[in-house]
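In what follows, a single structure is set out as structure tokens and then discussed.
The values are calculated or read from the model by the stated rules, or taken from the named source; none is laboratory data. These numbers come from a predicted model, not from an experiment. Using ideal geometry, Cβ is built from the backbone for each residue, glycine included, and neighbour counts are taken over all protein chains shown. The accessibility values were calculated without ligands, DNA or RNA, using every heavy atom of the protein model including side chains. Shrake-Rupley method; radii C 1.70, N 1.55, O 1.52, S 1.80 Å.
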Amino acid sequence: MRFNSPENVLQSIVYHQLIPENHVESTRAKVLEAGNPLDADQAIIEELIKEGTLSFDQIRDLLAVDFDLDIVSLHELDLSPSLINTLKAQDDNSGLTLAERYNAFPVHLEGQDLYIAICDPTNIDATDDIGQYLQLEVTPCLASADQIDDFINRHYKGAHSYNPDLESVDTTGYSALEESTLELHDADLNLDNLGDEDAGPIVKFVQNLIADAVRFRSSDIHLEPLETRYRIRLRVDGVLQEIENPPKRLQAAITSRLKIQAGISIAEKRIPQDGRIQTTVDGKQIDLRVSTVPTNFGESIVMRILDKESLNIGLPQLGFFSDDQATFERLINLPDGIFLVTGPTGSGKSTTLYSALNTINKSDRKIITVEDPVEYQLKGINQVQVQREVGMTFAAALRSMLRQAPNIIMVGEIRDAETAAIAVNASLTGHMVFSTLHTNDAPSAVSRLIDIGLKPYLVSASLRGTLAQRLLRRICDECKEAYVPEPRELNLLGIQQDQAAEAVFMKGRGCPKCRGTGYKGRLGIFEVLVIDEEIEQMIYENCTLVDLRNKATDLGMRPLREDGIRKVIAGMTTIEEVLKATVDGG
């Protein structure tokens, strides 16, 4: 019996310590000496089985653990002729029955659901192709390779003339078969050195990695294949931190496990793929958005952790001081117009918008969002997922949403002229529209809308305000202590002597709670631009961005750096954080 990915099977055998690595390597030398360099891994497995060191049942149990599949014993099944006939259909390309072509055997059929036994879970074609050919929903389970060989030889050899007629297949009498014969692999494992009675090492490693990342308050997990090692880093409070790396040889097994959990193809390694994982950590449901990208040394995986609890934070927890919060609340409670949140990727724009929607979400208001993708489910709010492959773009969704008579609309991002035009029309017809833009500061949102293709008079008539923001690390409350900064630091940030004299500067000493970094959590710094009559007139006249920014500052707009200075003086963050996130005068 040949395996689709014998190298992965061999890696699993070594990692689970089923056979000593030195014995596997001596067998490899023996195989290569015999002249099998291109098929060495398959030949090694066959040699180990031949000499009695390894059995098909042991391989089956290992793969069941790594791929989280059920185990079935074919010898214990009461197989009817009608069930066996489901895989007697002939594959036109190979001239073999489906069972022979894909090394599969049917074990249960109920309605449109067919369960098949396979020995190699890396062979995705077995389930995909059989399901497509028979127009059935196919679910794989695992049996040992010698059992499948035996049953295929017994029931399908010489059966090439069979012409399938699925309507004649008798599906009655099998409802109890599944419960009696499909066993969970947890109860059937009999392996040593697996480290956990309920999960194999690869499964357990992935579970622990996700759990640790959540407990460390990570926003994302990066698994990066390098030439000689497999690097794993966690982004905590916006900063990547490398953790202990697993052996390079486990890269393929870890990648396969994560791709299976995310519901994406483990056979496709040439193109980027996206998926989602839902799991539970410490009794809390966690969603992860998974992205894979092929690189020179394997597939790079990034998992973004979506913690729903982060949406329940109030506006003060975002980092607003009372004056900016009052302005922000006044803008988001306006009856119509457009309000934009701006900043680079990862600056917390979506969290701010979600918090705003939660703040204004009342029973007398209808709120609809269009997002790409919908990352968080918000109670009492209608959320629409962009699906470009079927024509459901931001613009198309916006048009349809307006027929739903909403009071408030949230667009994930204004990316093109069509979306911008529809958003403006919606705001001019009595709707309040929230969205995001990628700009460096609040006034730049105006020029960005005009660059997209909107007329200045439409921008001036519809725009009510913009909010630029950045995220800074917050000083750890457990280990913060006062210190006196050097004059050079004060000069770099532009803090005046009178300001410094009244301030108590703080920094984190480092403790177990913050993992020695001195920081725990993040807060925002903000720049709020309110569109009043003077600013509106300047937009209408298409004034330069410099003139617009100067006028906004004269009218009371506080630049990002100045808001950062206030939070340094208040002992919330450090000078270094503000210098990293802002530029002088912006």
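The number of residues in region 102-130 that are in a helix (DSSP H, G or I), open to solvent by 10 Å² or more (accessible area, probe 1.4 Å) and in contact (Cβ under 8 Å) with a residue 12 or more places away in the chain comes to 5.
Against the test of being of a type in the set (Val, Ile, Thr) and assigned to a helix (DSSP H, G or I), the options Ile19, Ile45 yield a single qualifying residue, Ile45. Exactly one residue out of Ile565, Ile495 is in contact with a Leu (Cβ under 7 Å, 6 or more places away or on another chain), touching a residue at least 60 places away in the same chain (Cβ under 8 Å) and of a type outside the set (Lys, Arg): that is Ile565.
Within region 224-253, the set of residues being assigned to a helix (DSSP H, G or I) and either under 30 Å from Gly348 (Cα atoms) or open to solvent by 50 Å² or more (accessible area, probe 1.4 Å) (or both) comprises Lys248, Arg249. Take the conditions (1) in contact with a His (Cβ under 9 Å, 6 or more places away or on another chain); (2) farther than 15 Å from Asn103 by Cα; (3) modelled with pLDDT of 50 or more; Leu136 misses just one of them, which is (1). State yes or no: is Thr292 in contact with a strand residue (DSSP E or B) (Cβ under 8 Å, 6 or more places away or on another chain) and part of a strand (DSSP E or B)? Considered against the rule, which asks whether it is in contact with a strand residue (DSSP E or B) (Cβ under 8 Å, 6 or more places away or on another chain) and part of a strand (DSSP E or B), Thr292 comes out as yes.
Note on region 420-433: among residues that are in a loop (DSSP other than H, G, I, E, B) and touching a helix residue (DSSP H, G or I) at 6+ places or on another chain (Cβ under 9 Å), the one that is surrounded by the fewest Cβ atoms within 10 Å (Cβ to Cβ) is Thr429. Checking each residue in region 324-362 for being over 31 Å from the mean Cα position of the chain (by Cα) and open to solvent by less than 20 Å² (accessible area, probe 1.4 Å) picks out Asp324, Leu331, Gly337. Do we have Pro37 as modelled with pLDDT under 80 and surrounded by fewer than 19 Cβ atoms within 10 Å (Cβ to Cβ) here? In short, yes.
Filter region 516-543 down to the residues that are of a type in the set (S, T, N, Q) and more than 37 Å from the chain's Cα centre (by Cα), then identify the one that is farthest from Ile450 (Cα to Cα). Looking at residues that are of a type in the set (S, T, N, Q) and more than 37 Å from the chain's Cα centre (by Cα), I get Gln537.
Looking across region 437-446, the residues that are outside any loop (DSSP other than H, G, I, E, B) and either open to solvent by 40 Å² or more (accessible area, probe 1.4 Å) or aliphatic (A, V, I, L, M) (or both) come down to Leu437, Ala445, Val446.
Let's see how each residue does on (1) open to solvent by 20 Å² or more (accessible area, probe 1.4 Å); (2) at pLDDT 90 or above; (3) in a helix (DSSP H, G or I):
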site: Asp364; (1), (2), (3): yes, no, no
site: Met401; (1), (2), (3): no, no, yes
site: Arg415; (1), (2), (3): yes, no, no
site: Glu418; (1), (2), (3): yes, no, yes
site: Ser435; (1), (2), (3): no, yes, no
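Quick one: Ser462 ticks every box in (1) among the small types (Gly, Ala, Ser); (2) touching a Leu at 6+ places or on another chain (Cβ under 9 Å); (3) surrounded by fewer than 17 Cβ atoms within 10 Å (Cβ to Cβ) except a single one, so which number is it? Here Ser462 meets the rest and fails (3).
If you go through region 467-478 and keep only what is more than 29 Å from the chain's Cα centre (by Cα) and either within 12 Å of Met506 (Cβ to Cβ) or surrounded by 22 or more Cβ atoms within 10 Å (Cβ to Cβ) (or both), you end up with just Asp477. Taking the criterion of being free of Cβ contacts under 8 Å to residues at least 40 places away in the same chain and either in contact with a Phe, Trp or Tyr (Cβ under 7 Å, 6 or more places away or on another chain) or part of a helix (DSSP H, G or I) (or both), the residues of region 318-362 that qualify are Ser322, Asp323, Gln325, Ala326, Glu329, Arg330. Whether any residue in region 105-118 is farther than 28 Å from Glu7 by Cβ, among the polar types (S, T, N, Q) and under 32 Å from the mean Cα position of the chain (by Cα) is what I want to check. Yes, region 105-118 has at least one match. Cys543 meets all of the listed conditions (1) part of a helix (DSSP H, G or I); (2) surrounded by fewer than 20 Cβ atoms within 10 Å (Cβ to Cβ) but one, namely (1).
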